[in-house]
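Report on the following structure.
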Amino acid sequence: MPTGYQIAEQSKIHYLTFQVVYWIDVFSRKEYRDLFLESLAYCRQHKGLEVYGYVIMSNHIHLLVRSASGDLSGSVRDLKKFTSKSIVEAIGGNRESRRGWILRLLAHAAQRQNKKGKYQLWTHENHAELVYSNNFIEQKLTYIHDNPVRAGLVLKPEDYLYSSARNYAELDAIMEIDKIEVRWKTVK
């Protein structure tokens with residue numbers, strides 16, 4: 001069910017939140033975080049998705065992105081569809097100790113939405129917010145980067161591996177991004 005948070009202007013920068021159904025902690029596993037990042041990097045390299053900021057938390061992801069092709073909705077749809085399929089396949093593999101529990105919840109979510117597929121990983125909402133100023137960009141990047149600090153996972157944003165904070169702090173990062181000039185600050 002759509003809310004007021006829509007991707008209004010397809011070629012402009014948007015702040016997005018992808019939420020796993022039922023807030024399942026899927027991304028507590030490195031394998032699933034890496035699958036998402038591989039897909040995000042692919043979209044950046046081959047689909048014209050400009051990624052200015054990201055953080056992968058245990059059950060949701062924040063992004064600051066823009067589509068160079070002017071079809072951000074299409075890019076988001078494709079990214080969510082592919083990552084849903086690949087992550088569900090990985091969950092179904094033999095190495096996931098929570099396999100039965102997670103797949104039951106994903107199947108229940110799909111059933112509730114009358115979804116054609118067997119499983120639903122992501123909620124339908126992207127909580128899209130149009131980013132309209134430099135101050136708003138900095139505010140959203142700070143929020144993204146401070147997420148692991150607020151969750152008590154790290155002391156400083158740049159210490160969290162699955163975040164673009166490392167890129168902005170000019171440290172080794174696991175994914176290239178399209179950096180925006182911002183005033184870098186560390187949470188105190």
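FYI, it's all coordinate maths here, none of it is from the lab. Please read these numbers as outputs of a predicted model, since none were measured by experiment. As a convention, Cβ positions derive from the backbone with ideal geometry for all residues, glycine included, and neighbour counts pool all protein chains shown.
Observations on the model:
- Which of H62, F36, A107, positive extreme of dipole for the chain (C-beta unit charges): A107
- Residue pairs, from the table K85/K156; K118/K179; K47/K179; K80/K118, whose Cα atoms sit over 27 Å apart: K85/K156; K118/K179
- Look at M175, M57 and count the other Cβ atoms within 10 Å of each Cβ; fewest to most, that gives M175, M57.
- For E38 and R99, the FRET efficiency from 1/(1 + (r/R0)^6), where r spans their Cβ atoms and R0 equals 22 Å, is about 0.55.
- Net charge dipole size for the chain [Lys, Arg +1 and Asp, Glu -1 on Cβ; Debye, nearest 20]: 740 debye
- Arranged from fewest to most other beta-carbon atoms within 10 Å of their beta carbon, S58, S133 become S133, S58.
- Helix-derived mean residue ellipticity, 222 nm - over the chain, DSSP H n ≥ 4, -39500 (n - 2.57), to 500: -12500 deg cm²/dmol
- Spacing of the two label points (7 Å from each Cα toward its C-beta) at K85 and K12, in nm: 3.2 nm
- Candidate cross-link partners of K12 among the aspartates and glutamates, defined by an alpha-carbon separation under 19 Å and a same-chain spacing of 8 or more, comprise E50, D71, D78, E125, E129, E138, D178, E181.
- The ranking of T83, T123 from fewest to most other beta carbons within 10 Å of each one's beta carbon is T123, T83.
- Computed log₁₀ I(q)/I(0) - Debye formula, equal Cα scatterers, no solvent, the range 14-133, q 0.13, 0.18 Å⁻¹: -0.50, -0.93
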